[in-house]
Amino acid sequence: MLAAFVGGLVVGSFGVLMSGLRLGVYDPYAYLALAVVVGATATGFGWALLTTFLASVSTLVAAMAGSALHGDLRFEAIGGSAAGVNLLLVQLVVFGLLAYFTRRRDLWGDLAAGVISGLLLGDVIDRASPGGVDWEIGFWPVPAIAIGSLAVVGVLALRRTMAGRARAATIACVVAGAVAAALLAL
């Protein structure tokens, strides 16, 4: 629990320092990566829920505190609004719980790994595509390729067998396509 808390503080604080650079790679992807690592290393479902929530809240608190130190007192450093902060907190906890389920050696583990990767890839496609909901002009090509590559490597790292990796990659492609089509349709 202490490692999750400290990890969240470090990631959140570093996010505030990086916020002026407008890289697009860090926010929210570093927070999601922290949630996946914390969830995948948890010893049980309850611990995954608790440690992922703790890491997520400490990340958000550190980012908000750092933002306040910079003179921005809106406390919306992450997520863009109060509702966005709540949505990001829920998203981080869900990613952590999905990462916990990747430890299973059956189809459910493949499904969890594929959903994590597919959601990330779908978001990358949306942010890199003109007309997307969260389109950013500077997100393509370097940040998009970096995050997309990490999402693909994540499937390989979270699954142990080639068959599990193939199933998870297939699921990731289906989820990414569905998410990207839904977001681009908006």
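The values are calculated or read from the model by the stated rules, or taken from the named source; none is laboratory data. What you see is a predicted model, and the numbers here were worked out from it, not measured in a lab. Neighbour counts run over all protein chains shown; Cβ positions are idealised from the backbone, glycine included. When the accessible area is computed, the model is the full protein with side chains, heavy atoms only, and any ligands, DNA or RNA have been set aside. Shrake-Rupley method; radii C 1.70, N 1.55, O 1.52, S 1.80 Å.
Looking only at residues that are buried (at least 20 other Cβ atoms within 10 Å of the Cβ) and polar (S, T, N, Q) in the range 27-57, which one is farthest from residue 85 (Cα to Cα)?
Among those residues, the one meeting the criterion is 51.
Given the options 140, 108, name the one that is in a loop (DSSP other than H, G, I, E, B) and not polar (S, T, N, Q).
Going through 140, 108 in turn, the sole match is 140.
For the range 120-135, enumerate the residues that are among the acidic types (Asp, Glu) and either farther than 24 Å from residue 34 by Cβ or surrounded by 15 or more Cβ atoms within 10 Å (Cβ to Cβ) (or both).
123, 126
Which one of these does residue 47 not meet: (1) farther than 30 Å from residue 105 by Cα; (2) modelled with pLDDT of 90 or more?
Evaluating residue 47 over (1) farther than 30 Å from residue 105 by Cα; (2) modelled with pLDDT of 90 or more leaves (1) as the failure.
If I go through the range 111-129 residue by residue, how many of them are in a helix (DSSP H, G or I) and within 16 Å of residue 142 (Cα to Cα)?
Here the count works out to 8.
Taking the range 172-186, which residues are of a type outside the set (Val, Ile, Thr) and open to solvent by 80 Å² or more (accessible area, probe 1.4 Å)?
173, 185, 186 - these are the residues of the range 172-186 that are of a type outside the set (Val, Ile, Thr) and open to solvent by 80 Å² or more (accessible area, probe 1.4 Å).
Against the definition (at pLDDT below 90, crowded, with 18+ Cβ neighbours inside 10 Å and in a helix (DSSP H, G or I)), how does residue 60 come out, yes or no?
Yes.
Condition (residue is at pLDDT 90 or above, assigned to a helix (DSSP H, G or I) and under 21 Å from residue 157 (Cβ atoms)) applied to the range 9-23: is it met by at least one residue?
No - not one qualifying residue is present in the range 9-23.
Cβ contacts < 9 Å: first residue closer than 19 Å to residue 5 by Cβ, restricted to the range 83-112; second residue among the β-branched types (Val, Ile, Thr) and outside any helix (DSSP H, G or I), any location; separation 6+ or different chain. Result?
Close Cβ pairs (under 9 Å, with a partner that is among the β-branched types (Val, Ile, Thr) and outside any helix (DSSP H, G or I)) amount to 85/78; 88/78; 99/41; 100/41.
Return the only residue of 157, 163, 169 being surrounded by 15 or more Cβ atoms within 10 Å (Cβ to Cβ) and part of a helix (DSSP H, G or I).
Just one listed residue meets the conditions, 169.
Might you let me know whether the range 105-114 holds any residue that is crowded, with 19+ Cβ neighbours inside 10 Å, within 20 Å of residue 28 (Cα to Cα), within 18 Å of the chain's Cα centre (by Cα) and aliphatic (A, V, I, L, M)?
For the range 105-114, residues crowded, with 19+ Cβ neighbours inside 10 Å, within 20 Å of residue 28 (Cα to Cα), within 18 Å of the chain's Cα centre (by Cα) and aliphatic (A, V, I, L, M): present.
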